[in-house]
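Taking it in order: structure first as structure tokens, then the write-up.
The values are calculated or read from the model by the stated rules, or taken from the named source; none is laboratory data. Worth saying up front: this structure is predicted, and the values here are computed from it rather than measured. Here the Cβ positions follow ideal geometry from the backbone for every residue, glycine too, while neighbour counts run over all protein chains shown. Just so you know, the surface numbers come from the protein's heavy atoms only, side chains and all, with ligands and any DNA or RNA stripped out. Shrake-Rupley method; radii C 1.70, N 1.55, O 1.52, S 1.80 Å.
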Amino acid sequence: MKLTNAAVFFILVPTLTPALDPFSTSILTGGAAVAWQLLSPQSWLKCRLLECCNMKDTLNLSVLKMDLDRKVFGQHLAIQIVLRALSANMHSERPRKPLVMSFHGWTGTGKTFVSSIIAENLYQFNIPRRRFVHHFNTVLHFPYLSHVQLYKEQLQNWIRGNVSACPRSLFIFSEMDQMPHGLIDSIMPFLGYHEEIDGVYYGKAIFIFLNNAGGDKVTEIALDYWRSLKRREDIPVKELQSLLSEEIFRNKNSGFFHSQLIEKNLIDYFIPFLPLEYKHVRECVRQELRVQGHPEDEDLIVEIALAMTDYPREERLYSSKGCKTVESRVTLST
């Protein structure tokens, strides 16, 4: 049934219903409404049951901010930059280039968690999220150094094909530290300032890179601030972004080692994820207790948080694993 036929059918329903009993009438009317929703482009029902590309940029930044503030602990700098970056990109009718963000920090500090919150807010229903959010795990998808040339071609084809299908596609690359050198440069043409490439417009796409590389530098700076009796909230964002860019460009254990993406300034934001302090780990434990349906046992929260706060050895200020092992520790302790 074409959309026009569905529309005619929906209009005629009131004229057909007098001859029917109330129950049949409600079924007929409801069925027409469902058909209309399924056949209408961008309808909420079609997007939920089938698949729908987010062409209308319906990302609610206020809701996203609320999610990040409520669920992510100790990352005021990261949240601030992410919201600013997404706001600028979403409010432009036709961005000149894709939004490219690179997250840097120790394991367990929230890089993957923040990227998943962005994905959930960009595509709220599971079916479109599975189709338009693309997650590449370096260890899983690019395991063999001898196949780098093949990976380059596959990656280019995947991005080109999916952005053609949905301009507002989200690409997340995790384990960038394991990325073979030079592989990520294969997507360079898609990240630049182009109106279109072979008829495909990439300006609405979003790319997020997740890195442990640079985490030591972020921790070093945070620790220096603490030892100087300065607040971590006062760490200058611009200075930290510049240091991160230089650090991962020179780091042989980074997928961005001597990368053209950095040389040509195609990464818009280098976003620091600060090491988590005792108070942040406590909040992670508290939240995990809620998730697992346990009461908020303050003694248990303190016990787990203290055990995880282990760096540096003398001060024991930060958790070297962030909140990564909180779930298993809570499970074993309850």
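Key figures
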read-out: Region 156-202, subset crowded, with 19+ Cβ neighbours inside 10 Å and among the hydroxyl-bearing types (Ser, Thr, Tyr), residue farthest from the chain's Cα centre (by Cα); value: Tyr202
read-out: Members of region 222-236 found to be under 25 Å from the mean Cα position of the chain (by Cα) and surrounded by 17 or more Cβ atoms within 10 Å (Cβ to Cβ), listed by number; value: Ala222, Ile235
read-out: Of all residues making up region 85-109, the number that are closer than 25 Å to Arg282 by Cβ, small (Gly, Ala, Ser) and touching a helix residue (DSSP H, G or I) at 6+ places or on another chain (Cβ under 7 Å); value: 1
read-out: Residues (of a type outside the set (S, T, N, Q) and open to solvent by 10 Å² or more (accessible area, probe 1.4 Å)) located in region 100-121; value: Trp106, Gly108, Gly110, Lys111, Phe113, Glu120
read-out: Subset of region 237-264 [in a helix (DSSP H, G or I) and of a type outside the set (A, V, I, L, M)]; value: Lys238, Glu239, Gln241, Ser242, Ser245, Glu246, Glu247, Phe249, Arg250, Gln260, Glu263
read-out: Pairs, first touching a residue at least 24 places away in the same chain (Cβ under 8 Å) in region 201-226, second in a helix (DSSP H, G or I) and of a type in the set (D, E, K, R), C-beta under 6 Å, six or more apart; value: Leu210/Lys111; Asn212/Asp177; Ala213/Asp177; Gly214/Glu247; Lys217/Glu247; Ala222/Arg232
read-out: Any hit, region 205-213, residues being of a type outside the set (Gly, Ala, Ser), part of a helix (DSSP H, G or I) and surrounded by 13 or more Cβ atoms within 10 Å (Cβ to Cβ); value: no
read-out: Residue count for region 284-322, restricted to those that are open to solvent by less than 30 Å² (accessible area, probe 1.4 Å), outside any helix (DSSP H, G or I) and touching a residue at least 60 places away in the same chain (Cβ under 8 Å); value: 5
read-out: Residue tally, condition in a helix (DSSP H, G or I) and either in contact with a Cys (Cβ under 9 Å, 6 or more places away or on another chain) or at pLDDT below 95 (or both), over region 174-188; value: 2
read-out: Residues being open to solvent by 20 Å² or more (accessible area, probe 1.4 Å), in a loop (DSSP other than H, G, I, E, B) and in contact with a helix residue (DSSP H, G or I) (Cβ under 7 Å, 6 or more places away or on another chain) - total across region 265-283; value: 1
read-out: Residue that is nearest to Glu175 (Cα to Cα) [pool: residues in region 118-148 that are of a type in the set (Ser, Thr, Tyr) and over 19 Å from the mean Cα position of the chain (by Cα)]; value: Tyr144
